[in-house]
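The values are calculated or read from the model by the stated rules, or taken from the named source; none is laboratory data. Because the structure is a prediction, the values reported are computed rather than measured. Neighbour counts are summed over all protein chains in view; Cβ atoms, including those assigned to glycine, are modelled from backbone coordinates with ideal geometry.
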């Protein structure tokens, strides 16, 4: 007689009964979030540091009542969706109708779901006005040491 691997314990009252086994397949969905600078970095972080901890997949996740015992538990990867942009971490200037400086001082931070994925960081300084030297360079103007126009370069 071959010995069968099972966690069912049998006694004299079980003589004549049959042992049955059923495999049931479940779909497990794991949705994880990560803070990253861009989608590629997020994909790498999620792949390298996310997913399922297979050491936690065991008999303790099953119900075993009224004579039912778990023989085996397994989990396998089947598919995943693409990583989706959910929002940008920003200083909250809207909730309290405050300036960026006030939000920074108060530490009011939120995840803005209306923000654009590629919008610049709020703390990035954006230059709105060119210096006189930059204007001259863009216009092709060359000045002497006294600031007088030496020549003007024209296209065409």
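Observations on the structure shown:
- In the stretch 61-79, the residues that are under 26 Å from the mean Cα position of the chain (by Cα) and either surrounded by 13 or more Cβ atoms within 10 Å (Cβ to Cβ) or more than 30 Å from residue 30 (Cα to Cα) (or both): 75
- Residue 91 passes every criterion in (1) surrounded by 12 or more Cβ atoms within 10 Å (Cβ to Cβ); (2) at pLDDT below 90; (3) in contact with a strand residue (DSSP E or B) (Cβ under 9 Å, 6 or more places away or on another chain) apart from (2).
- Checklist (1) modelled with pLDDT of 90 or more; (2) assigned to a helix (DSSP H, G or I); (3) touching a strand residue (DSSP E or B) at 6+ places or on another chain (Cβ under 8 Å) applied to residue 136, failing item: (1)
- Of the listed requirements (1) surrounded by 11 or more Cβ atoms within 10 Å (Cβ to Cβ); (2) modelled with pLDDT under 90; (3) touching a strand residue (DSSP E or B) at 6+ places or on another chain (Cβ under 9 Å), residue 150 misses just one: (1).
- Test set (1) under 15 Å from the mean Cα position of the chain (by Cα); (2) exposed (fewer than 11 other Cβ atoms within 10 Å of the Cβ) - residue 83 fails condition number: (2)
- Every residue from the stretch 39-68 that is closer than 29 Å to residue 81 by Cβ, assigned to a loop (DSSP other than H, G, I, E, B) and either in contact with a strand residue (DSSP E or B) (Cβ under 9 Å, 6 or more places away or on another chain) or in contact (Cβ under 8 Å) with a residue 12 or more places away in the chain (or both): 50, 51, 52, 57, 58
- Among the residues making up the stretch 76-96, those that are part of a loop (DSSP other than H, G, I, E, B) and within 23 Å of residue 42 (Cβ to Cβ) are 77, 78, 79, 80, 81, 82, 83, 84, 85, 86, 87, 92.
- Against the conditions (1) outside any loop (DSSP other than H, G, I, E, B); (2) out of contact with any strand residue (DSSP E or B) (no Cβ under 9 Å at 6 or more places or on another chain), residue 103 satisfies every one except (2).
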